[in-house]
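J.: Shown below is the structure under consideration.
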Amino acid sequence: MLRVEDLSVSYGNVKALDGVSLEVAQRGVLHGVIGPNGAGKSTLMDAITGRRQPTRGRVFVDGRDITQQSVVQRRRSGMSRSFQRTSIFPGIRVGEQLELVASQLGEKDLAGIVDALELGAVYDDVADSIAYGDQRRVDIALALVGQPSLMLLDEPAAGLSTTETVALFEHLAAVVRQRNVTALVVEHDVDAVFRFCDTITALDLGRLLASGTPAEVRGNPLVIA
């Protein structure tokens, strides 16, 4: 589904990513990316989605080399992205913005997305008037519109309480399986990642530490250290 080969990104003399390779073999998988600040997690997301051109390496989705594709080309070919800061339209009704994006991307099951993320209660509300946890779910809903095969979420639980984080990951895990989407999730709440993700990659200082099942990554001496 997703294969990253020897991916490197440099900012001058600083290597933000240094030869990272990872693979997510199937659809319907929640894959977590963990690591301390400065590990290269967001840079990895930027390189996969085309916001940052790698200095070395390649990115494959469904066996296709997309390394040279633009952000727009990747979005229209089935890749979506959400960011650390919520990327919704604050002054527009929730339903209105979802419908707008759905019409642009040919989404035929918007009601299914709304139901899966339990957004019916806020559908007619202006986005900046709803709770922050609801706004995060709207953000994920926007990323789901258009039936993407691959969804990248950068710290979707940022700013949420522990209870809200668990609820968000429960929704996310259910949506990934129901809609057969592969989701790559960068998250600092390691407990949530180990509890809900099927597979995990750990980074440090731009390099790959470990990749595998939660049990394999949790028991890796480099990750523990």
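J.: Output ³J(HN,Hα) for the stretch 19-27: one whole-Hz value per residue in order, computed from phi by the Karplus curve 6.51 cos²θ - 1.76 cosθ + 1.60 with θ = phi - 60°, and x for Gly and Pro.
T.: Working through the residues one at a time gives x, 7, 10, 7, 9, 10, 7, 10, 7 Hz.
J.: Considering only DSSP beta bridges where both residues belong to the stretch 96-225, give the percentage that are antiparallel (nearest 5).
T.: On the way: 5 of 10 bridges.
Of the beta bridges lying entirely in the stretch 96-225, close to 50 percent run antiparallel.
J.: May I ask for the net charge around residue 144, where only other residues with Cβ less than 9 Å from the Cβ of residue 144 are counted and Lys, Arg are +1 while Asp, Glu are -1?
T.: Working: positive: 179; negative: 107.
Overall, the nearby charge balance is 0.
J.: Looking only at the chain, where both bridge partners belong to it, what percent of the DSSP beta bridges are antiparallel (to the nearest 5)? Present the calculation step by step, with values, prior to reporting the outcome.
T.: Working: 20 of 37 bridges.
Counting only bridges with both partners in the chain, antiparallel ones make up about 55 percent.
J.: Could you give the distance between the Cα centres of the stretch 138-163 and the stretch 38-86, to the whole Å?
T.: Answer, in whole Å: 16.
J.: Among 15, 41, 108, what's the order by accessible area (1.4 angstrom probe), most exposed first? Before the final figure, lay out the partial values.
T.: Working: 15 115, 41 15, 108 185 Å².
Accessible-area ranking of 15, 41, 108, largest first: 108, 15, 41.
J.: Relative contact order of the chain: what whole-number percent is it, with Cα pairs under 8 angstrom and at least 6 residues apart?
T.: Relative contact order, the chain: 29 percent.
The values are calculated or read from the model by the stated rules, or taken from the named source; none is laboratory data. Quick caveat: nothing in here was measured; it's all calculated off a predicted structure. Counting neighbours? That spans all protein chains shown, and the Cβs are built from the backbone with ideal geometry, glycine included. In case anyone asks, the SASA skips ligands and DNA or RNA and just uses the protein heavy atoms, side chains included. Shrake-Rupley method; radii C 1.70, N 1.55, O 1.52, S 1.80 Å.
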